[in-house]
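The values are calculated or read from the model by the stated rules, or taken from the named source; none is laboratory data. From a predicted model like this one, the values you see are computed outputs, not experimental measurements. Counting neighbours? That spans all protein chains shown, and the Cβs are built from the backbone with ideal geometry, glycine included. Heads up: the accessible areas ignore ligands, DNA and RNA and are worked out on the full protein's heavy atoms, side chains in. Shrake-Rupley method; radii C 1.70, N 1.55, O 1.52, S 1.80 Å.
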Amino acid sequence: MKRMTKRDIIIIPDPVLRKVCEPIVSVDDEIKRLADDMLETMYAAPGIGLAASQIGVLKRLFVLDVSKEEESEAPMVFINPQITWSSDELSVYQEGCLSIPEYYEEVERPAAVKVQYLDQTGKEHEIEADGLLATCIQHELDHLNGKLFIDYLSKLKRDRVMKKFTKQAKLVGK
Ligand code: NI
């Protein structure tokens with residue numbers, strides 16, 4: 001039986017979320033355990049994607065599950081992901097982020113991408129994704145580069161949400 005631990009999710013304006021994550025050198029037991037913990041944390045939140053930096057681990061790994069509620073769970077683990085192709089066609093999705101709770105805004109991104117990555121067994125994959133999966137992959141990959149979906153919004157909107165969460169963090173800190 002797998003032992004999984006739910007981890008704490010880091011919220012903005014924590015500067016950890018702005019750090020660039022390091023490539024994973026070998027997919028060992030520690031990485032497998034990290035992926036399991038991240039899936040556990042993501043499902044418990046609940047959310048459809050989680051990057052390692054969101055639990056304070058600066059490694060190039062994210063997990064996601066875009067299956068619909070009525071389907072069974074379909075966890076995906078992406079290690080050292082790289083986008084090798086993006087479509088010219090764009091699509092708009094309303095995005096949210098576990099590090100920016102209860103805040104949603106529309107973001108425009110390439111509608112389809114090809115992504116190369118290793119799974120939690122160290123096996124290499126390249127998939128072409130579109131729809132929600134393509135958006136999720138791009139959102140999570142941004143996290144590994146210290147980028148958040150609010151970076152795509154107007155400065156006015158971004159400043160407003162940053163201010164709100166900075167105020168909340170101060171209240172919690174007291
Ligand atoms: Ni996010």
### Query
How much mean residue ellipticity at 222 nm does the chain get from its helices, if each DSSP H run of length 4 or more adds -39500 (n - 2.57) and you divide by all residues, to the nearest 500 deg cm²/dmol?
-9500 deg cm²/dmol
### Query
Once amide H atoms are built 1.01 Å from N in the peptide plane, which residues 5 or more positions from residue 103, or in another chain, come under 5 Å H to H?
97
#### Entry: Residue pairs, from the table 123/170; 68/123; 32/170; 32/147; 32/167, whose Cα atoms sit over 32 Å apart
123/170; 32/170; 32/167
## Note on the structure
Ranked by GNM mean-square fluctuation in the chain (Cα springs under 10 Å), the top entry among 39, 61, 133 is 133
### Query
In region 33-112, which GluC sites (Glu not before Pro) are in a loop and have at most 16 other Cβ atoms within 10 Å, using DSSP for the loop call?
69, 70, 71, 73, 89
### Query
In the chain, with Lys and Arg counted as +1 and Asp and Glu as -1 at Cβ, which of these residues, 78, 58, 42, has the Cα nearest the positive end of the dipole, that is, farthest along it?
58
### Query
Can you run phi through the Karplus equation (6.51, -1.76, 1.60; θ = phi - 60°) for region 160-167 and list ³J(HN,Hα) in whole Hz, with x for Gly and Pro?
5, 6, 5, 4, 4, 6, 5, 4
### Message
Could you compute how fast the chain diffuses translationally, taking Rh as the Kirkwood radius over C-alpha pairs and applying Stokes-Einstein at 37 °C with viscosity 0.692 mPa s? Give it in µm² per second.
### Response
197 µm²/s
#### Entry: Nearest-0.05 FRET efficiency for residue 170 and residue 132, computed from C-beta distance (R0 25 Å)
0.10
### Message
Quick check for you: which residues of region 74-100 have the amide N under 19 Å from the point 7 Å beyond the Cα of residue 16 toward its beta carbon?
### Response
97-100
### Task
Could you rank the peptides 150-160, 113-123 by their average count of other C-beta atoms within 10 Å per residue, with the highest value first?
113-123, 150-160
### Query
Just for the chain, what percent of DSSP beta bridges are antiparallel, to the closest 5?
95 percent
### Cα-based convex hull volume of region 84-146 per residue, rounded to whole Å³
97 Å³
### Message
Tell me the carbon and sulfur percent of the accessible area for the chain, rounded to whole percent, probe radius 1.4 Å.
### Response
50 percent
### Query
With each label point set 7 Å from Cα along the Cα-Cβ vector, what nm distance links residue 4 and residue 125?
1.6 nm
#### Entry: For region 15-173: accessible area per residue (Å², 1.4 Å)
54 Å²
### Query
Assigning unit charges at the beta carbon (Lys, Arg +1; Asp, Glu -1) and nothing else, what dipole magnitude in debye, to the nearest 20, does region 15-173 show about its Cα centre?
1180 debye
#### Entry: For region 10-76: span of alpha carbons on each principal axis (Å, largest first)
36, 31, 14
